[in-house]
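Visitor: Supplied in structure tokens, the structure appears directly below.
The values are calculated or read from the model by the stated rules, or taken from the named source; none is laboratory data. The structure displayed is predicted, hence computed values, not measured ones. Note that we place each Cβ from the backbone using ideal geometry, even for glycine, and neighbour counts take in every protein chain shown. Side chains are part of the model used for accessible areas, which takes the heavy atoms of the whole protein and leaves out ligands, DNA and RNA. Shrake-Rupley method; radii C 1.70, N 1.55, O 1.52, S 1.80 Å.
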Amino acid sequence: MPDEPTLGEVVRRLEDVRQDLKEDFRELGNRLDSKVSMERYQLEQQARDEAQKLLLERVKGIEEARESESRTRREEAQRLADRRASDRRLIFTALVAPVLLLILTVYLNARGAGA
């Protein structure tokens with residue numbers, strides 16, 4: 001007689017297979033439970049993208065404000081430099097030029113009187 005399994009052994013083997021399948025399904029269920037749904041993933045990705053966009057806009061705003069402030073300071077410095085140059089010209093025309101003209105006049109009068 002060939003080596004045929006008895007009915008009890010077949011039942012035992014089927015029970016083992018059933019138990020293995022049960023454990024595999026339980027493990028598969030646990031793995032599926034730990035996965036994130038596609039809808040939730042997309043919502044989280046969208047929220048992350050929006051937060052990144054807001055942050056980028058805020059950084060751009062700060063950079064623009066700094067650039068504007070820097071430009072204003074440069075313009076103010078240029079205005080002050082122009083004002084100083086204007087003041088120097090005014091001092092020259094108001095004080096130095098008349099003094100030079102007075103000295104020239106006195107020199108010419110003294111030279112003319114002596115001649």
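Visitor: Within the stretch 4-16, count every residue that is surrounded by 10 or more Cβ atoms within 10 Å (Cβ to Cβ) and β-branched (Val, Ile, Thr). Reasoning before the result, please.
Guide: In the first step, residues of the stretch 4-16 are kept if they are surrounded by 10 or more Cβ atoms within 10 Å (Cβ to Cβ); the result is 5, 9-16.
Still in the running and β-branched (Val, Ile, Thr): 10-11.
The total comes to 2.
Visitor: Could you please find all residues in the stretch 40-88 being open to solvent by 100 Å² or more (accessible area, probe 1.4 Å) and either β-branched (Val, Ile, Thr) or more than 30 Å from the chain's Cα centre (by Cα) (or both)?
Guide: Arg79, Arg83, Arg84, Arg88
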